[in-house]
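Okay, so here's the structure we're looking at.
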Amino acid sequence: MLFAVKMDVAIPHDMDPDRKTETLAKEKAYSQDLQRGGEWVSIWRCAGQYSNISIFDVKDNERLHEILWNLPLFPFMTMDITPLATHPSDIRADQG
Ligand SMILES: O=C(O)CC1=CCC(=O)O1
């Protein structure tokens, strides 16, 4: 199942700098592990915003929830989640 997730990040300005550095490093490692595993298909920075749009390919809603809930930055994010369906004009969908 494919999902587009927009993550808006709002880290408190008074967060301890060492905690912030550690949390960002954990976030990167967590994301990159899931990218290598194929469930986190892509991640894009939204230009001019502390936000990303990511594509996930997961087996069900529970797995998506588990991934998002365990993001180190989860307490500092708001998310907008869109389930994706094949578009009838997608040239890749015509093949095969
Ligand atoms: O968009 C961000 O910076 C938050 C984030 C999610 C995964 C990651 O590595 O950073």
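Expected output is a single nm value to one decimal: the length gained when fully extending between Q49 and D14, i.e. 0.36 nm times separation in residues minus the C-alpha distance. What is it?
Details: separation 35, 0.36 × 35 = 12.60 nm, distance 1.97 nm.
Full-extension gain reported as 10.6 nm.
Remark: spin-label model distance A29-R63 equals 2.4 nm, labels positioned 7 Å along the Cα→Cβ axis. Heavy-atom accessible area for M15, with the other protein chains in place and a 1.4 Å probe, reaches approximately 20 Å².
Cα-based count: Lys pairs in the chain below 20 Å, eight or more positions apart or different chains? Please report the intermediate quantities before stating the final value.
On the way: K6/K26; K6/K28; K6/K59; K20/K28.
Close lysine pairs under the 20 Å cut-off: 4.
Note on exposure: E66, E39 ranked by accessible area (1.4 Å probe, complete protein assembly) read E66, E39, with the most exposed listed first.
Given a 1.4 Å probe and every protein chain left where it sits, what share in percent of the accessible area of segment 2-84 is carbon and sulfur? Intermediate results must be reported in sequence, preceding the final value.
Details: 2980 of 5390 Å².
For segment 2-84, the apolar C and S fraction of the accessible surface comes to 55 percent.
Size check on segment 2-84: the Cα extents along the three principal axes, sorted descending, read 37, 24, 20 Å. Between the listed residues S51, I11, I81, the Cα displaced farthest toward the positive end of the dipole of the chain, a dipole computed from Cβ unit charges relative to the Cα centre, is found at S51. In the Gaussian network model of the chain, springs joining C-alpha atoms below 10 Å, which of D14, D57, D33 carries the largest mean-square fluctuation? Taking springs between Cα atoms under 10 Å, the residue moving most is D14. Near E27, once Lys and Arg are set to +1 and Asp and Glu to -1 for all other residues with Cβ below 13 Å from its Cβ, the sum equals +2.
Assuming charge only on the beta carbon of Lys and Arg (+1) and of Asp and Glu (-1), the dipole of segment 2-84 about its Cα centre is about 220 debye to the nearest 20. Rounded to the nearest 10 degrees, the inclination of helix 17-37 to the longest alpha-carbon principal axis of the chain is 20 degrees.
Quick one: if the Förster radius is 41 Å, what FRET efficiency do T21 and Q95 give, using the C-beta to C-beta distance and rounding to 0.05?
Working: r = 46 Å, r/R0 = 1.11.
With R0 = 41 Å, the Cβ-Cβ based efficiency is 0.35.
Rolling a 1.4 Å sphere over the protein heavy atoms, what is the accessible area per residue of the chain, to the nearest Å²?
Per-residue accessible area for the chain comes out at 71 Å².
The values are calculated or read from the model by the stated rules, or taken from the named source; none is laboratory data. Since the model is a prediction, treat every value here as computed from it, not as a measurement. Positions of Cβ are generated from backbone atoms using ideal geometry, with glycine treated the same way; all protein chains shown enter the neighbour counts. Areas reflect the complete protein model, heavy atoms only, side chains present, ligands, DNA and RNA absent. Shrake-Rupley method; radii C 1.70, N 1.55, O 1.52, S 1.80 Å.
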